[in-house]
Amino acid sequence: MITTVLAFLLTLAILVVIHEYGHYRVAVACGVKVLRFSVGFGRVLWRRQSGPDATEFVVSALPLGGYVRMLDEREGPVAPQDLPRAFNRQSLARRAAIVAAGPAANLLLAVLLFAAAQWIGTSEPRAVLSAPLPASVAEQAGLRSGDHVDAVSRDGSEWTDVRSMNDLRWHVTQAVLDGEPLQLSVSSRRGGGSHTLHLDLPRLGTRDVDATVLRHVGLGAPYSEAVMGEAKPAGPAARAGLRAGDRVLTVDGRAVDDAQDLRERIRRAVRDGVALPMRWQVDRDGQRVDLEVLPRVVEDGGQRIGRVDAYIGQPVEMVTVRRGLWEGLGLGVQRTWDLSVLTLKMLGRMLVGEASLRNLSGPLTIADYAGQSVQQGIGYYLGFLALVSVSLGVLNLLPLPMLDGGHLMYYLFEGLTGRPVSELWLGRLQRGGIAILLALMSVALFNDVARLLGLH
């Protein structure tokens, strides 16, 4: 819990400081007087100012944002000698550059963070697949348990190497969003050489990416053998006599491919809300043992599924993914661009009802992911930080009042008409913008709570 909170606060601090520093740095370069640079809101906890005419740097009590306050005649009287340094006296191009600098700083930070994560390297699951889910796109394509995906292609002529399971999921997600099929170059762990398979992703009939759609694609957990781990005392596995190290061979007379296959069969061992007894055969120290396992029934996302309260599977095969200086930097630029486009696409689809509002996440989800990524290592945390930085940069460029994009929208109107937006309309747009932002924050917070309660 402490790790999660500290990681969340560190994430906020880094992103806020970089965003506001973008505004501050360009404002100073344009000759604007910056009165205050604040990290957080509310009561000031720490203050530093090198001189009476210098910028005041402060840290405030509520660490959920920040701001840069510039000299401006609209916010108070300005001394005659300082009028050339007032923000409102700057040219339209300079004002627009100062406003756009915050989101631009976040996007530039994302490029560097993605690149740094690649330079440091991360340990990721090798792209060896478990048995695809029944009736999924992957199963119909012919993928089997233990298949290794070597490369992917959209057109069959230009192929991209797949370095890890995370890499594969990224390519699949992009193809689903674009509504395009994906070809896989696959080699089997059982031998037989490489062959090409075709994922008919347009058959899904959606471009909305969530856990449900990815289950329909059928690419689940990386390959892991169906070996039992520790069982919860008095749980179904322990009551059935299962032990750590038991290798599950068959369930109800059918061979078990891998750990994911076994987990899926346990999930489905429920009919009309009642658990069904399962006949397991396991290999225990070279001896075959027959057992009857009765799962318990639990609620999961509105469905009643089976559980045996035991860890299933062995550690998956890992690979270290690391790239050189220029390759890592290039991937940082590409990943930042792809995620920016992905964010805009998803927002657009949510706006027209083609994507679920469940995709919106709030501070609780961000905090949870921050804690998880820190525990996985510095490379994962940098990648997570880059992801949130992209989201912050893109969201701030949306043409909504109260956001940087809203101010840029005002400047666009001023550039086209030769006159600024009237005070009357500024007030109306600000109130509308606040209402929209509060609605989005409410939906995101509701989604966070629903995920924590297992309702999503």
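The values are calculated or read from the model by the stated rules, or taken from the named source; none is laboratory data. Remember, it's a predicted structure, so these values are computed and weren't measured experimentally. Because the Cβ atoms are built from the backbone with ideal geometry, glycine has one as well, and the counts that use them run over all protein chains shown.
Determine, yes or no, whether residue 23 is touching a Leu at 6+ places or on another chain (Cβ under 8 Å), closer than 19 Å to residue 403 by Cα and either assigned to a helix (DSSP H, G or I) or of a type outside the set (A, V, I, L, M) (or both). Lay out the reasoning, then the answer.
Values: touching a Leu at 6+ places or on another chain (Cβ under 8 Å): no; closer than 19 Å to residue 403 by Cα: yes; either assigned to a helix (DSSP H, G or I) or of a type outside the set (A, V, I, L, M) (or both): yes.
Against the criterion (touching a Leu at 6+ places or on another chain (Cβ under 8 Å), closer than 19 Å to residue 403 by Cα and either assigned to a helix (DSSP H, G or I) or of a type outside the set (A, V, I, L, M) (or both)), residue 23 does not qualify.
Which count do you get for residues in the stretch 67-107 that are free of Cβ contacts under 8 Å to residues at least 24 places away in the same chain and either of a type in the set (D, E, K, R) or under 30 Å from residue 383 (Cβ atoms) (or both)? Spell out how you get there, then give the answer.
Kept after step one, since they are free of Cβ contacts under 8 Å to residues at least 24 places away in the same chain, are these residues of the stretch 67-107: 72-81, 83, 88-89, 91, 93.
If we keep only those that are either of a type in the set (D, E, K, R) or under 30 Å from residue 383 (Cβ atoms) (or both) as well, we get 72-75, 89.
Looking only at that region, the number is 5.
Determine if the stretch 91-110 includes at least one residue that is closer than 21 Å to residue 411 by Cβ, touching a His at 6+ places or on another chain (Cβ under 8 Å) and not assigned by TED's automatic domain parsing to the domain that holds residue 330.
The answer is no; no qualifying residue exists.
All but one of (1) among the hydrophobic types (A, V, I, L, M, F, W, C); (2) outside the structural domain of residue 395 (by TED's automatic domain parsing); (3) in contact with a Phe, Trp or Tyr (Cβ under 8 Å, 6 or more places away or on another chain) hold for residue 18; which doesn't?
Unmet for residue 18, out of (1) among the hydrophobic types (A, V, I, L, M, F, W, C); (2) outside the structural domain of residue 395 (by TED's automatic domain parsing); (3) in contact with a Phe, Trp or Tyr (Cβ under 8 Å, 6 or more places away or on another chain): (3).
Checking residue 64 against (1) part of a strand (DSSP E or B); (2) more than 15 Å from residue 17 (Cβ to Cβ); (3) touching a helix residue (DSSP H, G or I) at 6+ places or on another chain (Cβ under 8 Å), which single condition isn't satisfied?
Here residue 64 meets the rest and fails (2).
For the stretch 119-132, which positions are of a type in the set (A, V, I, L, M) and buried (at least 19 other Cβ atoms within 10 Å of the Cβ)?
Restricting attention to the stretch 119-132, the residues satisfying the condition of being of a type in the set (A, V, I, L, M) are 120, 127-129, 131.
Matches in the stretch 119-132: 127, 128, 129, 131.
Can you name the residue in the stretch 272-303 that is among the acidic types (Asp, Glu) and in a strand (DSSP E or B) and, of all such residues, is nearest to residue 245 (Cα to Cα)? Working first, answer last.
First, the residues of the stretch 272-303 that are among the acidic types (Asp, Glu): 272, 283, 285, 290, 292, 299-300.
Then drop every residue that is not in a strand (DSSP E or B), which leaves 283, 290, 292, 299-300.
Numbers: 283: 9, 290: 15, 292: 17, 299: 28, 300: 28 Å.
Within the stretch 272-303, the match that is nearest to residue 245 (Cα to Cα) is 283.
Taking into account only those residues within the stretch 306-332 that are at pLDDT below 90 and part of a strand (DSSP E or B), which is nearest to the chain's Cα centre (by Cα)?
This residue is 321.
Looking at the stretch 177-254, what strands (runs of 3 or more DSSP E) fall wholly within it and have at least 1 residues that are closer than 30 Å to residue 155 by Cβ and at pLDDT 80 or above? Can you show your working first?
Numbers: elements: 182-188, 194-199, 228-231, 247-251.
Output list reads 182-188, 194-199.
Which of the residues belonging to the stretch 1-37 are of a type in the set (Gly, Ala, Ser) and either in contact (Cβ under 8 Å) with a residue 24 or more places away in the chain or under 17 Å from residue 390 (Cα atoms) (or both)?
Initial filter on the stretch 1-37 (of a type in the set (Gly, Ala, Ser)): 7, 13, 22, 27, 29, 31.
Hits for the stretch 1-37 are 7, 13, 22, 27, 31.
Before we move on, is residue 174 within 16 Å of residue 218 (Cα to Cα) and either over 22 Å from the mean Cα position of the chain (by Cα) or assigned to a loop (DSSP other than H, G, I, E, B) (or both)?
Numbers: within 16 Å of residue 218 (Cα to Cα): yes; either over 22 Å from the mean Cα position of the chain (by Cα) or assigned to a loop (DSSP other than H, G, I, E, B) (or both): no.
In short, no.
Which of the residues belonging to the stretch 286-297 are of a type in the set (Asp, Glu) and without any contact (Cβ under 8 Å) to a residue 24 or more places away in the chain? Write out each step before concluding.
Here is the first cut: in the stretch 286-297, the ones of a type in the set (Asp, Glu) are 290, 292.
Correct list: 290 only.
Residue check: is residue 369 closer than 24 Å to residue 173 by Cα, in contact with a strand residue (DSSP E or B) (Cβ under 9 Å, 6 or more places away or on another chain) and modelled with pLDDT under 80? Please lay out each step first, then the result.
Working: closer than 24 Å to residue 173 by Cα: yes; in contact with a strand residue (DSSP E or B) (Cβ under 9 Å, 6 or more places away or on another chain): no; modelled with pLDDT under 80: yes.
So residue 369 does not fit the description; no.
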